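Beneath this line is the structure, given in structure tokens, with notes to follow.
All of the numbers you see were taken from the coordinates with simple rules; none came from a lab. The shown structure was predicted, so the numbers you read here are calculated from the model rather than taken from an experiment. Positions of Cβ are generated from backbone atoms using ideal geometry, with glycine treated the same way; all protein chains shown enter the neighbour counts.
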Amino acid sequence: MLGRGVKRKWSCLEELEVEMVPAAVTEEKEQRGEVELVVAPSRSERNHLQQRQRVLGLCLEKLQRYQVGMELSLRRSVLLINTLRQIQEDMQSDGAGAGSPDAPLHGVHPDSRLLREDTREDGPVTCPGCAEGDRDDLPLSPPLSPEFSSQEANTSVDQQKPPPASTTSAFSDAVNAMGYLSDLTLDDIFEDIDTSMYETSDLPPVWSTSSLWPVSVSLWTDEDQKVRSPGHGSPGSLNELDHIMEILVKC
Amino acid sequence: MLGRMEAAARMWHVGMTSSLHIRVLTLIVDAICPPPRRAALCDRAVGLCVQPELLNEAMAGVAGGNDFQWCFSQVKGAIDEDVAEADIISTVEFNYSGELLATGDKGGRVVIFQHEQESKNRPHLRGEYNVYSTFQSHEPEFDYLKSLEIEEKINKIRWLPQQNAAHFLLSTNDKTIKLWKISERDKRAEGYNLKDEDGRLRDPFRISSLRVPVLMPMDLMVEASPRRIFANAHTYHINSISVNSDHETYLSADDLRINLWHLEITDRSFNIVDIKPANMEELTEVITAAECHPNQCNVFVYSSSKGTIRLCDMRAAALCDRHSKFFEEPEDPSSRSFFSEIISSISDVKFSHSGRYMMTRDYLSVKVWDLNMENRPVETYQVHEYLRSKLCSLYENDCIFDKFECCWNGSDSAIMTGSYNNFFRMFDRNTRRDITLEASRESSKPRATLKPRKVSTGGKRKKDEISVDSLDFNKKILHTAWHPKDNVIAVAATNNLYIFQDKIN
């Protein structure tokens, strides 16, 4: 079984770094949650993080592609979201356990886009379209002003969170039908309505109310992100996110 | 929006032309190998079989407890490298007698092949499947209320047991299920005097006598007519339909619900399973397949994206929210990865003909469950374990979401399922032997024996082995069907349908 584990990691990371077998063994352990606390992160740990980053990045990419209308399958998006959740848990357990898992990250993956995406992980992970309310929020109530400063938005995020959840139940299958199951992309829905906010706004308010647009995060500027994330983190991943942000700032 | 509709219309148009295409090409394939030439090729194939090497390989054959060889019988569909999306086969299904074989494609068409009896000058061949009927079952639609496009792709075909001269089948796309009647007509009534030659009714006062019409023979005509349309009952995409053993009802499953229908009634159905959470944010699991028990009409199963199977008894309650049995194998913690859940998602579930077992297919394996044992499968067969090291790239290129189907042979002694590189796998349940075969044009000479294929799994690659890295992941065999009585199999490889049979020596 370990042999397989080794290979699995290997294929994912072959272009990144060649790795030794023993490292993979500890990595296996790590995956099972037996995170070893080491001051200088081991190679395995680094690889684990690398893989996590890669899977995470792909996950988000796929969800985004899904929303552009490439593939529309509830099964697929549920599986992707569950994978995101798993990564989230993994990150939280890392954040709670390990001292500074971000050091290797810094060295390995300077791609700030991925790191940025991490930060949305601390919000509840939901499927696109799961948050049925959003769809209605948009056309019905005007979105937050695009001129919202990131700071304001940051505080408003938490205040905004509950409403969509509560309004969700008010919308029936028909609404639903527009989400998950539809053969229609979100772009299409909003095409006729208002797309300006996505182009002009630094902070898409839609996203801040829920995770309907998981990947629209990439629209943010780094500055927004830096200000935003620390206050937005859940207790578990807070430490780690702080670290990531520090790295970003230094970058 | 207009652009989309235009595109849909274009697709439809392409679909129509390529339907002709298939028929023409079938003719071409038949024309390429006219009977005498075929016989010659057969002789050559017989010559091949004498090679000792092949005889040894034949021992790896799988079916019915006896070893034998699989040989090529037919291939249907275009030879072109360019594959039109609409021509990709999306489902394959034999009817109960095996006389008819239906395929559905992404263009919404159903093509039915009929088995033709062996002729005297070709005693080695068990007869071939030739096109019997082709019709457009579903067409692309646009739901204006929800502003969404509905693909015409045929997701599933299920035959109804034959009860009279006509054949019936159910076909479904994402939203609408249709009941089709396929009937033959080779006679027509002539000599009516109630109508004139143009078909207009004549003035009854001018008809002085009644003439009894006579039935005159005519060229055989196969008609496919839609008899029932079961629409507007699924909010999500339909993944399965299954005709019940009472022959009166059937179930249809989408991602979150299962409905029970009466074959005669189109305006209502009963929702028997609903796993949609009140708050969709809590959704973590979807229904991936469902099937009725082959002889207990109150029992059905459905599989989920979490790798579990639930067996429900419709006698227990109208809404089978609570399962009677829950089949789940505990996860092996040592093989846990980020992809664990994705690869454990079940893509197909099939009861054995006997009804004692069921088989489930997940991404890397196929499992046989005894209905009397819920905690683990009685048999597990690795389909392509070598891909475990490739999961990351398979995830990247979306292959990890492919939905492979699986099927039983007529006697439940062997199972078959597909893989990549146009490979498909068979497992003999008695001998526990397995074989990998390939559906390819290269070996598509009549009666050519299929050479077992091997994928090298680490270490040195032996001669005749193919390395994991050179597998073509665009060539996948998702749909296969096994003749209910004979060792004849139908394998859908993208836009081609291969028919193989065992060799009668």
Quote the FRET efficiency, to the nearest 0.05, computed for A:Ser42 versus B:Tyr96 with a Förster distance R0 of 60 Å and r equal to the Cβ-Cβ distance. 0.50
With a point put 7 Å past each Cα toward its Cβ, work out how far B:Asn279 is from B:Arg185 in nm, to one decimal. 5.9 nm
With a Förster distance of 25 angstrom and the Cβ-Cβ distance between B:Arg441 and B:Asn397, calculated FRET efficiency to the nearest 0.05 equals 0.55
Other-chain or far-sequence residues with amide H under 5 Å of B:Ser365's (modelled H): B:Val383
With respect to the cross-link table entries B:Lys462/B:Lys503; B:Lys306/B:Lys403; B:Lys350/B:Lys403; B:Lys153/B:Lys475; A:Lys62/B:Lys175; B:Lys106/B:Lys276, which display a Cα-Cα separation exceeding 22 Å? B:Lys462/B:Lys503; A:Lys62/B:Lys175; B:Lys106/B:Lys276
Fewest to most Cβ atoms within 10 Å: B:Ser269, B:Ser137 sort as B:Ser269, B:Ser137
5 Å is the cut-off here: which amide hydrogens, built 1.01 Å from N in the peptide plane, fall below it relative to B:Ala289, excluding neighbours closer than 5 in sequence? B:Ser303
Name the residues whose placed amide hydrogens come within less than 5 Å of the amide hydrogen of B:Ile466, ignoring near sequence neighbours (fewer than 5 apart) on the same chain. B:Lys454, B:Val455, B:Ser456
Taking every pair of distinct Cα atoms and averaging 1/r, then inverting, what Kirkwood hydrodynamic radius in Å comes out for region B:127-175? 13.3 Å
Give me the compactness ratio for region B:221-283, meaning the Cα radius of gyration over 2.2 N^0.38 Å. 1.32
What does the extension gain come out to for B:Ala166 and B:Ala317, with contour length at 0.36 nm per residue minus their alpha carbon separation? 50.8 nm
For B:Tyr357, B:Tyr302, B:Tyr386, ascending order of other Cβ atoms within 10 Å (fewest first) is B:Tyr386, B:Tyr357, B:Tyr302
For the pair B:Thr380 and B:Glu197, how long in nm is the line joining their label points, each one 7 Å along Cα→Cβ? 7.7 nm
Mind checking region B:196-239 for trypsin sites (Lys or Arg not before Pro) that DSSP puts in a loop (not H, G, I, E or B) and that have at most 14 other Cβ atoms within 10 Å? B:Arg200, B:Arg202, B:Arg211
If each residue of separation counts as 0.36 nm, what is the full-extension length gain between B:Asn474 and B:Arg268 once their alpha-carbon separation is subtracted? 70.1 nm
Going by the alpha-carbon gyration tensor, a ≥ b ≥ c the square roots of its eigenvalues, is region B:333-472 rounded (a/c under 1.5) or, if a/c is not under 1.5, prolate (a/b greater than b/c) versus oblate? oblate
Modelled label-to-label distance, B:Ile229 and B:Leu215, 7 Å Cα→beta-carbon offset: nm? 3.2 nm
Where nothing but the Cβ of Lys and Arg (+1) and of Asp and Glu (-1) is charged, how large is the charge dipole of region B:241-282 around its Cα centre, in debye to the nearest 20? 40 debye
